[in-house]
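The values are calculated or read from the model by the stated rules, or taken from the named source; none is laboratory data. Just so we're clear, the structure is a prediction, and the values are computed from it rather than from any experiment. Ideal geometry is used to build each Cβ from the backbone, glycine not excepted, and the neighbour counts take in all protein chains shown. What goes into the accessible areas is simple: the full protein's heavy atoms, side chains included, and nothing from ligands, DNA or RNA. Shrake-Rupley method; radii C 1.70, N 1.55, O 1.52, S 1.80 Å.
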Protein chains: 2
Amino acid sequence: MTAEERRGAQAYAAAALEASGVVLTEAERAGIEVADFGLGRLAESGLQLVVYVNTDRHCAKELVLRPGQTCPEHLHPPFEGTPGKEETFRCRRGVVHLYVEGEPTPDPACRPPQGVYTVFHELVLRPGDQYTIPPGTKHWFQAGPDGAIVSEFSTASRDEHDAFTDPNVRRVAAQDAAARSTGDGSAA
Amino acid sequence: MTAEERRGAQAYAAAALEASGVVLTEAERAGIEVADFGLGRLAESGLQLVVYVNTDRHCAKELVLRPGQTCPEHLHPPFEGTPGKEETFRCRRGVVHLYVEGEPTPDPACRPPQGVYTVFHELVLRPGDQYTIPPGTKHWFQAGPDGAIVSEFSTASRDEHDAFTDPNVRRVAAQDAAARSTGDGSAA
């Protein structure tokens, strides 16, 4: 992901949130996280995030997706004696197609992008709809043609523990990788 | 609280949330909780709530306050082996004055309504501002002259455990009391 791509994604997310009535502080706007999951195809596989709070016990974020953008398949494993992250997705704007474990939906609305995808039970979330994902459950999601804003309410979020089905995924934003100087991008 | 007061408060909250861009389902609109804390002075001491999710591990709500309306002083004690509810208030609309334990603020913006209030360390939350309240910390809050919408992100919420400073407070909505047929209103 280039610096220009990142800035563009931040600007898109800031505008989408503002249009939906979400007020951010200046620091939050400047710190919008852009994840390309190490795949280098941001428009296709990517996510923009604002993390409001993330303590050892509770967490809340806004997730912004561009039209057709996908968050790759992953699950939240147990960590530090907890069962792992339990999260509720609530759609605020647009439509988000959420795929979880279970009976594959015949004729699903989305096709996954390039990568490894194994769960195809479809839930369609429109504004006001929500769904709670238990820990340890594989899931991925894709925005509809107008993009989407999803509020995420959860227990503690520890991105570095997320287990992605596609071994090529690295859950780290370019700026974080640079800031952390981990070198191999495997830290988060 | 009369049925008419309750309906009026629900209608106010639904309109305020809609104006702020929050989309509710029909069931959520119909189920907006109105709390008068058993004091019978709803305009002064009261709260309107939409509970999005409340599992054993995470919870999210929207709190709606009318102009000058106050949520009485209380704390969240330990329960069921947990340290008690940890909650983040994020102001969405209007202004909310939050009072917590600590050095009393000289010349605070609000005066508490009739009742028992003992903490006066003031935080002023405007849209985009937020504050996390640890378990076991006394707090109360009052909306400014235009009312307020506050998103609450937290660990599990168990209203029946809330400890109010004022012994006259009963944390139960009239419709809940009727539904539960507890008779004395002390169940929640």
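Determine the relative contact order of chain B: mean sequence separation of Cα pairs under 8 Å and six or more apart, normalised by residue count, in whole percent.
The value is 27 percent.
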Subject >> Using a 7 Å Cα-to-Cβ projection, B:Pro106 label spacings across copies, nm, ascending >> reply: 7.5
**OP:** At q = 0.08, 0.13 Å⁻¹, what is the base-10 log of I(q)/I(0) for chain B according to the Debye formula with one equal point scatterer per Cα and no solvent? Please give it to two decimals.
**Re:** -0.23, -0.64
Original post:
Can you list the lysines whose alpha carbon sits under 23 Å from that of A:Lys85, skipping same-chain ones fewer than 8 residues off?
Top reply: A:Lys61, A:Lys138, B:Lys61, B:Lys85
Original post:
Comparing B:Gly128, B:Gly68, B:Gly46, which has the greatest mean-square fluctuation in the GNM of chain B with Cα pairs linked when under 10 Å apart?
Top reply: B:Gly128
**OP:** In debye, nearest 20, what is the charge dipole magnitude of the range A:4-115 about its Cα centre with +1 on Lys and Arg Cβ and -1 on Asp and Glu Cβ, if you could check?
**Re:** 300
Original post:
Comparing B:Ala109, B:Ala35, B:Ala27, which has the greatest mean-square fluctuation in the GNM of chain B with Cα pairs linked when under 10 Å apart?
Top reply: B:Ala27
Original post:
What is the distance, in nm, between label points placed 7 Å from the Cα along the Cα-to-Cβ direction at B:Arg111 and at A:Ala109?
Top reply: 5.4
Subject >> Two-site FRET efficiency, A:Asn168 against B:Asp146, from Cβ-Cβ distance with R₀ of 45 Å, rounded to 0.05 >> reply: 0.35
Subject >> Nearest-20 debye value, chain A charge dipole, Cβ charges on Lys, Arg, Asp, Glu >> reply: 240
Original post:
In nm, what does the list of distances from A:Thr25 to its counterparts in the other copies look like, shortest first, when each label sits 7 Å along Cα to Cβ?
Top reply: 3.4
**OP:** Per residue of B:148-160, count partner chain C-beta atoms within 10 Å of its C-beta, then hand back the mean as an integer.
**Re:** 3
**OP:** Under a 10 Å cutoff between Cα atoms, tell me which one of A:Val119, A:Val96, A:Val23 has the largest fluctuation in the Gaussian network model of chain A.
**Re:** A:Val23
Original post:
How many angstrom lie between the C-alpha centres of the range A:1-64 and the range B:8-36?
Top reply: 28
Original post:
What total accessible area, in Å², is buried where chains B and A meet, using a 1.4 Å probe and rounding to the nearest 100?
Top reply: 2300
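Quick one: if the Förster radius is 45 Å, what FRET efficiency do B:Arg29 and B:Asp129 give, using the C-beta to C-beta distance and rounding to 0.05? Don't jump to the answer; show the numbers that get you there.
Numbers: r = 27 Å, r/R0 = 0.60.
After rounding to 0.05, the efficiency reads 0.95.
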Subject >> For the protein assembly as shown, with +1 on Lys and Arg beta carbons and -1 on Asp and Glu, the positive-most of B:Pro145, B:Val100, A:Ser151 along the dipole >> reply: B:Pro145
Original post:
Shortest first, in nm, what separates the label point of B:Gly68 from those of the same position in the other copies (7 Å along Cα→Cβ)?
Top reply: 5.5
Original post:
For the protein assembly as shown, with only Lys/Arg (+1) and Asp/Glu (-1) charged at the beta-carbon, what is the dipole magnitude about the Cα centre, in debye rounded to 20?
Top reply: 420
Original post:
With each label point set 7 Å from Cα along the Cα-Cβ vector, what nm distance links A:Ala11 and A:His121?
Top reply: 4.2
Original post:
Where in the range B:60-97 are there GluC sites (Glu not before Pro) that are in a DSSP coil and have at most 15 other Cβ atoms within 10 angstrom of their Cβ?
Top reply: B:Glu80
Original post:
Name the chain B residue with the Cβ nearest the axis that maps B onto A: which is it, and what is the distance in angstrom?
Top reply: B:Gly21, 1
**OP:** Calculate for the protein assembly as shown the 222 nm mean residue ellipticity that helices alone would give, adding -39,500 (n - 2.57) per DSSP H run of length 4 or more and normalising by residue count, nearest 500 deg cm²/dmol.
**Re:** -4500 deg cm²/dmol
Subject >> Calculated FRET efficiency for the pair A:Glu160/B:Glu4, C-beta based, R₀ 56 Å, to 0.05 >> reply: 0.55
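Can you tell me the accessible area per residue over the range A:29-72, all protein chains present, probe 1.4 angstrom, in square angstrom? Please report the intermediate quantities before stating the final value.
Values: 1230 Å² over 44 residues.
In whole numbers, the range A:29-72 has 28 Å² accessible per residue.
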